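Trainee: Have a look at the structure that comes next, please.
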Amino acid sequence: MGIILLTRSICPFSETRVLHGVEGSSKKVLGVSFPNTCRLVLRAQTRGRNNRSKEPKNLRYPRRPKLPRESVTDKFWKDKPSTDQNETRDLVYEDPMVDNFDDTDTEGEGEQEGGDNIVWDSDEIEAISSLFRGRIPQKPGKLLNRERPLPLRLPTKIRPVGFPTPKKHVRMTSSAAVSSRQTFSKRVYKNPSFLVDLAKEIRRLPSDEDVSTVLNKWSAFLRKGSLSLTVRELGHMGLPRRAMETFNWARTQPLLFPDDRILASTVEVLARNRDLKLPSALEEFTTFGSRSVIEAMVRGFIKGGLLIEARKLILSAKAGKRTLDSGIYAKLILELGKNPDKHIQVLPLLEELGERDDLNLNQQGCTAIMKVCIRLGKFDIVESLFNWYKQSGQDPSVVMYTTVIHSRFCQEKYREALPVVWEMEGANCQFDLPAYRVVIKLFVALNDLPRTVRYFSKLKEAGFSPTYDIYRNLFTIYMVSGRVAKCKEVCKEVEMAGFVLDKQIKSRLLQLESLAKSAVPDV
């Protein structure tokens, strides 16, 4: 191996080039051929005069470091991202202030000689290259298997839940929009205002003119069941004859009859005005007649005061194993309970209601039966009905609470009536005047003066005017307590309210005044 040193002054600065030979080939430098095992070193030195000159200030004290030049490797990654994940690339940071022309040095020799080159690992190169691909690859672990957050609850969403209503169900959305789309016939045949106006138009007819003159004009717009409301309205107007004429006209119309609704309305109107008699074959009628017609006949008899006929019809329906509505029993029991002579007829109806499993009573019917049972002394039925009503999931009204308190007061169960009062207050049930009357009477019986005065003041704050029996109960509890001055105030208030004191209260007031005078010692 030989070394040839050539010195030439070809540039103002020193330059050194090192050429390595490649095995199996030869190099030519300056027209000279060298074998494979030779190494050539070229060095050029500057002149002595130029070596002593100083560098310019802008080179000695630069304001900021020069930006690194854009490497070819970066351009390649930006233009064409690499798809080979296993390929490793070495990035070498080149200092712009240092000119390194030795491209043939190995990695180990560069670290030993210069120490300025930074060598990047394969993981770091992969992380930098992924920035240009849009996503940083993650190693398998907890980050890849992270749990997604739960969706927001429904109230926090901006838009309402649910899908838009389809057009075929638009009838449930807006009645105004539907009415504009419907035909005139559909808007008229079951409109209450139109049917009531039709009854008023029939009422304005002369007595010698038939109802057909009015009904023929609207026959094309009527349907089955339309005229039932018109017939009932004619009954409220006291025109049973016009109601019967309307029914006879409907019988001639094949599109309107047969119809049980108009038949039931006509039967109820005639029975209420006592223009209907029981059929001779009553058992056959209750066996084959429709339930709506039988119930309408019973209601008409009850409203007309024909209680005996109504009771016969109910007993005949029971014999024919026909089940009628429980509300009809409640109405008949209430009307029979008003007359003390007919209390015996109420007991079989109560027993029949008690035997029924499908008891279906509304609030008014249940309260009516409870009031009749108090008159009859059937307090156990009152408690049973009250418990059944609450167990059925319905909320008792102030009338029902008052009835139960009055029932326990009549049994002289004053302490047992207090829980009903507290339950009534806990349910935020507003007291009416009968409720205040019963509650004040209860506290007077318990000799509870503070609660009596408190509820009396509540009665006035609610805007009710006390009745004479309330003043009488208040006077009684003041008299028992020995409050003579309060008794006098109550008597003055009674007279200012326009009531006249009875003789019993006047005699008691005189006794209290005499006792008060005798208790004062003579001076």
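The values are calculated or read from the model by the stated rules, or taken from the named source; none is laboratory data. Just so it is clear, the structure is predicted and the values come from calculations on it, not from any experiment. Cβ sites come from the backbone with ideal geometry, for glycine too, and all protein chains shown count toward neighbours. These area figures cover heavy atoms from the full protein model, side chains too; ligands, DNA and RNA do not enter into them. Shrake-Rupley method; radii C 1.70, N 1.55, O 1.52, S 1.80 Å.
Trainee: Using a 1.4 angstrom probe, figure out how much accessible area segment 270-337 has per residue, in square angstrom, rounded to the nearest whole.
Mentor: Ligands and nucleic acids excluded, the figure is 48 Å² per residue.
Trainee: Right, next: Going by the alpha-carbon gyration tensor, a ≥ b ≥ c the square roots of its eigenvalues, is segment 440-516 rounded (a/c under 1.5) or, if a/c is not under 1.5, prolate (a/b greater than b/c) versus oblate?
Mentor: oblate
Trainee: Once phi is turned into ³J(HN,Hα) by the Karplus curve 6.51 cos²θ - 1.76 cosθ + 1.60 with θ = phi - 60°, what whole-Hz value does each residue of segment 311-323 show in order, with x for glycine and proline?
Mentor: 5, 4, 5, 5, 5, 5, 5, 5, 5, x, 6, 9, 9
Trainee: Calculate what fraction, in whole %, of the accessible area of segment 214-271 sits on carbon and sulfur atoms when a 1.4 Å probe is rolled over the protein chains.
Mentor: C and S atoms contribute 57 percent here.
Trainee: Compute the accessible area per residue over segment 187-240, keeping the other protein chains in place, probe 1.4 Å, unit Å².
Mentor: Normalised by residue count, the accessible surface of segment 187-240 is 53 Å².
Trainee: Also, I was wondering about something else. Evaluate the distance, in nm, between pseudo-label points positioned 7 Å from the Cα of HIS343 and of ALA127 along their respective Cα→Cβ axes.
Mentor: 10.1
Trainee: Let me ask something else. Give me the accessible area per residue for segment 454-522, probe 1.4 Å, as a whole number in Å².
Mentor: With all protein chains present, segment 454-522 gives 64 Å² per residue.
Trainee: Quote to one decimal, in nm, the extra length available between ALA319 and GLU412 on full extension: 0.36 nm per residue of separation minus the C-alpha distance between them.
Mentor: Stretched out fully, the ALA319 to GLU412 stretch lengthens by 29.4 nm.
Trainee: Residue-wise, which Karplus ³J(HN,Hα) couplings in Hz belong to segment 367-372, taking 6.51 cos²θ - 1.76 cosθ + 1.60, θ = phi - 60°, and x for glycine or proline?
Mentor: Rounded to whole hertz, the list is 5, 5, 5, 5, 5, 5.
Trainee: Follow-up question, since we're still on this one. What is the total of Lys pairs in segment 176-334 with C-alpha atoms under 25 Å apart, excluding same-chain pairs fewer than 8 positions apart?
Mentor: 22
Trainee: Then there's this: Taking 0.36 nm per residue of separation and subtracting the Cα-Cα distance, what length does fully extending TRP388 through ASP210 add?
Mentor: Extra length available between TRP388 and ASP210 comes to 58.9 nm.
Trainee: Heads up, I need the accessible area for LYS200: 1.4 angstrom probe, whole protein in place, Å², nearest 10.
Mentor: Spelled out: LYS200, probe radius 1.4 Å, area about 80 Å².
Trainee: If you stretched the chain out fully between GLN504 and THR287, how much longer would it get, using 0.36 nm times the residue separation minus the C-alpha to C-alpha distance?
Mentor: 72.1 nm
Trainee: In whole Hz and in residue order, list the ³J(HN,Hα) couplings for segment 190-203 that follow from phi through the Karplus curve 6.51 cos²θ - 1.76 cosθ + 1.60, θ = phi - 60°; x for Gly and Pro.
Mentor: 10, 7, x, 5, 5, 5, 5, 5, 5, 5, 5, 5, 5, 5
Trainee: Compute the relative contact order of segment 454-522 as a whole-number percentage, counting only Cα pairs closer than 8 Å that sit 6 or more residues apart in sequence.
Mentor: Dividing the mean separation by the residue count of segment 454-522 yields 24 percent.
Trainee: Any idea what the relative contact order of segment 387-495 is, in percent, if you count C-alpha pairs under 8 Å spaced at least 6 apart?
Mentor: In percent, rounded to a whole number, it is 19.
Trainee: In whole percent, what relative contact order does segment 239-381 give with Cα contacts below 8 Å and a gap of six or more residues?
Mentor: The normalised contact order for segment 239-381 reaches 18 percent.
Trainee: How do MET237, MET424, MET244 rank by accessible surface area computed with a 1.4 Å probe, from largest to smallest?
Mentor: Highest to lowest solvent-accessible surface, that is MET244, MET237, MET424.
Trainee: Take the solvent-accessible surface of the protein heavy atoms, probe 1.4 Å, and return the percent of it on segment 374-523 that carbon and sulfur atoms account for.
Mentor: 53
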